[in-house]
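One structure is given here, and the rest of the page talks about it.
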Amino acid sequence: MNGTDEGVSAWITINFLTGSLKTPGGSSVGMLDLGGGSTQIAFLPRVEGTLQASPPGYLTALRMFNRTYKLYSY
């Protein structure tokens, strides 16, 4: 699994466990995974400028529970 997928999976896990995915449009939490040889960060950008300024490959569209999430993951 590459780092982007690892970050997305961790974001889904933490937001599912905190109940953040139950309410459409509700708040979510970002996550940092500080592992042995790598670090992942994943969050749901709230500012359109973040989406536009993100380097190619750092944004991932994820469809889940009839909603599309645009995650920043690196």
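Side notes on the structure shown:
- Computed from the Cβ-Cβ distance with R0 of 25 Å, the FRET efficiency linking V47 to M1 stands at 0.30.
- About its Cα centre, the chain has a charge dipole of approximately 300 debye under the convention of +1 per Lys or Arg Cβ and -1 per Asp or Glu Cβ, with nothing else charged.
- Two-decimal log10 I(q)/I(0) for the chain, as the Debye equation yields it once each C-alpha is a single scatterer, q = 0.11, 0.13, 0.25 Å⁻¹: -0.26, -0.36, -1.25
- GNM remark for the chain: springs join alpha carbons under 10 Å apart, and the peak mean-square fluctuation among T39, T23, T13 falls on T23.
- Projecting the Cα atoms of G25, A10, G49 onto the charge dipole of the chain (Cβ charges, centred on the Cα centre) puts G25 farthest toward the positive pole.
Throughout, read-outs are computed from the coordinates displayed, never taken from laboratory work. If you're wondering where the values come from, they're calculated on a predicted model, not measured in any experiment. Reconstructed Cβ throughout: ideal geometry from the backbone, glycine too, with neighbour counts over all protein chains shown.
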